[in-house]
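The values are calculated or read from the model by the stated rules, or taken from the named source; none is laboratory data. What you are looking at is a predicted structure, and each value in this text was computed from that prediction instead of being measured. For neighbour counting, all protein chains shown are included, and Cβ atoms are generated from backbone atoms with ideal geometry for every residue, glycine included. For accessibility, only protein heavy atoms count, side chains too; no ligands or nucleic acids. Shrake-Rupley method; radii C 1.70, N 1.55, O 1.52, S 1.80 Å.
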Amino acid sequence: MASTLISPSALLISPTLKKKQPFSFASKRVVFCRANNGFDRRDMLLGLGSLYGATSLVGDPFALASPIAPDFSRPCSDAILPGNHVPCCPPESTKIIDFELPEVRKIRHRPAAHLVDCDYLIKFELAMERMRALPKDDPRSFFQQARVHCAYCNEAYFQKEPPRDEPDQKLKVHFSWLFFPFHRMYLYFYEKILGELIGEPDFAMPFWNWDSPCGMTMPGIYLDPASPLYDPNRNVEHQHVLVDLSDGKKSKTKSTERGTTYELSRTGQIKNNLNVMYNEMVSGSKKATWFYGQKYRAGCNSKDDGQCKPEPGGGLVENGSHIAIHKFVGAKKPPYNEDMGNFYSAGRDPLFYAHHGNVDRMWSIRKALPGWRQEFHYRVDRDWYNSEFYFYDEKRNLVRAKVWQFLDTERLGYAYQNVDIPWLRSRPTPRRLRGGQGKAKVAETIDIRNAFPLVLDNLVRIKVPRPKRSMTKPVEGYKDEDEDEEVLVIQNIQVDRNASVKFDVNINDLDDETPARPEDSEFAGSFSTIPHGIDHPDSKINTSLTLPISELLKDLGIEDEDYIEVSLVPKEGKGLVSIGNIKIDKC
């Protein structure tokens, strides 16, 4: 049946299913947001049960909504590379059915790829062998499943209800709050097809545990050229080395310090990777848009409504470790770095699905972290919950699925193997307190009034004013759980869609010769992207980057400063990125 509303009964767990806590954290606290905009505080409870149960208190919570959805009445387009069109569209179907949440009686646990045993590997390889052997026109085939990703990540579809002020908008799932739910849906149907092909409905595919030291190299099960898990279009130089989660390079990264060169040790690279994950998942995930990405709707109130602009801004995981892994695996084949190094071709590599399994696991972990805040509120952000995508299931049916149906993995029948999460204990520290830096300021500090627009071809340092602080003194002994956080917002980031770029953002960093790294509190975050396989006159990404900085300012002891110095450090694609503005907001 169609599922226009979030149904409380649809979210009930089967009474025969015993819920399992996949992570060994302390129980989450119930945190209330400020009661405002007429919301009842009871509607602000955390947790899926409270959120979905609350929908019965109103009539139609999705009335007048503008959720994102593909328009299947209009032609799907190819990925367009310079001088070459690459077919990017899955098979069409005249019959569409609505996804229904499964009756779950047993949780299947997705295993860490580096920990699977021989029996599991035989089963997994058989499933992949059979998927590859399916006729190319079978929507369940590996060939067509790769096209699904190509279509949604490379502007193959128009939006079903284009914005009023900007008709004919293409649908995009990157650099917005759609990134996590779309990929979870995609993997769910892909996994169900694998299980169907070997007659095991409860089969669970592996995840690449790249956030843990033992998983920071490509999993060995994907490296045998004779295996159906192998893809020849990978960077062979990276097959047996640690990834650098900050930029996608191999672990031995050369830098300059006081005129000498050094290479990170294995221990040093692991530490940096864990610091990256702490920045993305602990200090950088306290609020929904920091983690998921910025809000993206189909309907505009005006031309200035940023929430209906495609690619309004990605979350820290999407911009950071997610892109780093794509770059690390993709082959050195300029200019497009297929397969994993380009969005149009990424689904052709079986390792892609293990990679995004771990990205999806980050979503599950986030909900178990202390300090987790609620998802987007259904009364304000119903468009997120009711955005929809279309996938082929294990029975060859074209299925319409909505975001709200995919918020609880155990309600979908799966969870992740319980492994150690060492980055929880990896908070960066100020390098000025550790000593040993060169303190060589080379770039001139630019006043923000004279800085923009700028093309980022060298390190740039900009003096940015902070918001005026409240004169109200806090009540002694009281801490507001929803107190304002400061965020650094880099606006109007423009880059060609077929470029691979990266720049770091540092705060009050004293050394331009060896800029701060993720182990340093001065390191605020990064912006990164890979080619999209799109070539047309308007093929520029126009997006933003939001970085939480309250914890950073506290660690550096500069909470009371009226200005901070922001360094933009190009690491890849110098001269290919333009920036329109930088500001600090409170949220």
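Per residue, segment 516-587 exposes an accessible area of 36 Å² to a 1.4 Å probe, with every protein chain left in place.
Segment LYS395..VAL236, full-extension length gain: 53.6 nm, with 0.36 nm per residue of separation and the alpha-carbon distance subtracted. Taken over segment 320-463, the convex hull of the Cα atoms encloses 259 Å³ per residue.
The loop-placed GluC sites (Glu not before Pro) in segment 500-587, going by DSSP, that have at most 15 neighbouring Cβ atoms within 10 Å of their Cβ come out as GLU559, GLU561. Average accessible surface for segment 333-435: 28 Å² per residue, computed with a 1.4 Å probe over protein heavy atoms with every protein chain in place. A 1.4 Å probe run over the protein chains yields, for segment 83-132, 61 Å² of accessible area per residue, whole-number rounding.
With 31 Å as the limit on Cα-Cα distance, the pairs of LYS333/LYS586; LYS123/LYS540; LYS309/LYS583 that go past it are LYS333/LYS586; LYS123/LYS540.
For the peptides 356-362, 218-224, the ranking by mean Cβ contacts within 10 Å, running from highest to lowest, is 356-362, 218-224. Ligands, DNA and RNA left out, the 1.4 Å accessible surface of segment 512-587 is 42% carbon and sulfur atoms. Annotation: amide H-H contacts under 5 Å for GLY313 (H modelled 1.01 Å from N, sequence separation of 5 or more, or interchain): SER176, GLN294, SER544.
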